[in-house]
Amino acid sequence: MAVIGVDLGGTKIASGIFEHGGELVTRRTAKLTGGGDAVGNLIISEVGSLLSEMTIQPDAVGVSVPGIFYSDRGTVWAPNIPGWTDYPLVERLEIGLGGNVSVRVDSDRACYVLGEEWQGRARGCRNVIFVAVGTGIGAGILIDGRVVRGAGDAAGAIGWMGLDRPYRDVYDDCGCFEYHASGAGIAKVARELLTSANAYDGVLSEKPADDLTAVDVLIAEADGDRIAVQVMDDCIEFWAMAVANLVSLFNPEMIILGGGVFESAARFIPRIRAEATKWAQPISIGQVKIETSALGADAGLYGAARLALSETS
């Protein structure tokens, strides 16, 4: 018995065949280009290639999408995919796959937490929050073993948390938390500080400001660069306040910090916990574990497979 998982990212699509016990037996990747039905057809093509390698029909296909899955009508909003404002993904895949395979879809943040609960850091936990810090910031929230979806399926959009004041117009497009502490935000704040810095000749000045990335800032911080240290000190406070708020609201067993930024920022976990402890409900913060992802970039792929399994159970 097996299922297929598919994870749509910002620039690529990953897919794989999973046995019911969680073993990833075959993995494929392809570049994600175009929009609308072109992306739908790409998913069908990738799944078709996996099907050709299988000797039995899979029980189901699960798909992780970078946006919102509207569960009442089977459609998707994905801001990085042109034409996916209300795209009928479930119907498109069911037709394209011949109607022989069940299809399950959910947001990437929901899949991240499902993947970690199934085969990652949070095995055995029923109350887990996955905070994904990449280009943006979102959270997959699992409470009492169920994904929290919200009235419009948009729960977990924590990049919009208000963690500073006063309100600034620059928060209009992405939210306060995401502006300051996402991957894109780290680079943006560093550029702002570089523009206003006096007598700065550190490593960050050696690269054109428009080309500066969060990775550049993280590397410079590790070397003690004063602007990079300032940026990351602020990030740690924002991450900690968000963790404290989530702990106080949901009383989870575990918070997992993942996404592309935390591939390099795991070293900040002790500082994040110490700062979060100042802000959080005292009993709840004493009960929670704060960890980094065990599945890394594959968390969404494993979560998609977990979705598929839920279709068969």
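Rule-based calculations on the coordinates, nothing more; no lab input. The structure presented is a predicted model; accordingly, all values stated were derived computationally and were not measured. For neighbour counting, all protein chains shown are included, and Cβ atoms are generated from backbone atoms with ideal geometry for every residue, glycine included.
What does the extension gain come out to for D210 and S45, with contour length at 0.36 nm per residue minus their alpha carbon separation? Show your work: numbers first, answer last.
Details: separation 165, 0.36 × 165 = 59.40 nm, distance 3.65 nm.
Extending this stretch completely gives an extra 55.7 nm.
Not counting the cut sites, what is the longest span of the chain without chymotrypsin sites (Phe, Trp or Tyr not before Pro) that DSSP labels loop and that have at most 16 other Cβ atoms within 10 Å?
1-166
Go ahead and run the numbers for FRET between R126 and T33, Cβ-Cβ distance against an R0 of 45 Å, rounding to 0.05. List each step's numbers first, then the result.
Numbers: r = 39 Å, r/R0 = 0.87.
Efficiency for this residue pair is about 0.70.
Across 10 Å bins from the origin, how do the percents of Cα pairs in the stretch 224-283 run, short distances first?
22, 52, 22, 4
When the Cα atoms of the chain are enclosed in a convex hull and the volume is divided per residue, what value in Å³ results?
139 Å³
Sort all Cα-Cα distances of the stretch 1-143 into consecutive 10 angstrom bins from zero, then give the percent of pairs in each bin up to the one containing the longest distance.
Spelled out per bin, shortest first, that is 11, 42, 37, 10.
Looking at the stretch 124-276, I'd like the Rg to Rh ratio, where Rg is from alpha-carbon atoms and Rh is Kirkwood's inverse mean 1/r.
1.00
Assuming R0 = 51 Å, can you tell me the calculated FRET efficiency for the pair S248 and T55, based on Cβ-Cβ distance, to the nearest 0.05?
0.50
Given the options A157, G16, N127, identify the residue whose Cα lies farthest towards the positive end of the charge dipole of the chain (+1 on Cβ of Lys, Arg; -1 on Cβ of Asp, Glu).
The residue sitting farthest along the positive end of the dipole is N127.
Please list, ordered by chain and number, the residues whose modelled amide H lies under 5 Å from the amide H of Y70; skip anything fewer than 5 residues away on the same chain.
T75, V76, W77
Against the globular-protein guess of 2.2 N^0.38 Å, express the Cα radius of gyration of the stretch 190-239 as a ratio, rounded to two decimals.
1.04
Run through the DSSP bridge list for the chain and note the antiparallel percent, rounded to the nearest 5.
Details: 26 of 45 bridges.
That works out to approximately 60 percent antiparallel.
Could you give the spread of the C-alpha atoms of the stretch 64-128 along their three principal axes, from largest to smallest, in whole angstroms?
36, 29, 19
Could you give the Stokes-Einstein D for the stretch 111-180 in µm² per second, using the C-alpha Kirkwood radius, 4 °C, 1.567 mPa s?
99 µm²/s
Over the C-alpha atoms of the stretch 1-42, what are the Rg and the largest Cα-to-Cα span, Dmax, in Å?
According to the Cα coordinates of the stretch 1-42, Rg and Dmax are 11.8, 35 Å.
Quickly work out the D223-to-H20 label distance, labels modelled 7 Å from Cα along the C-beta direction, and quote it in nm with one decimal.
5.4 nm
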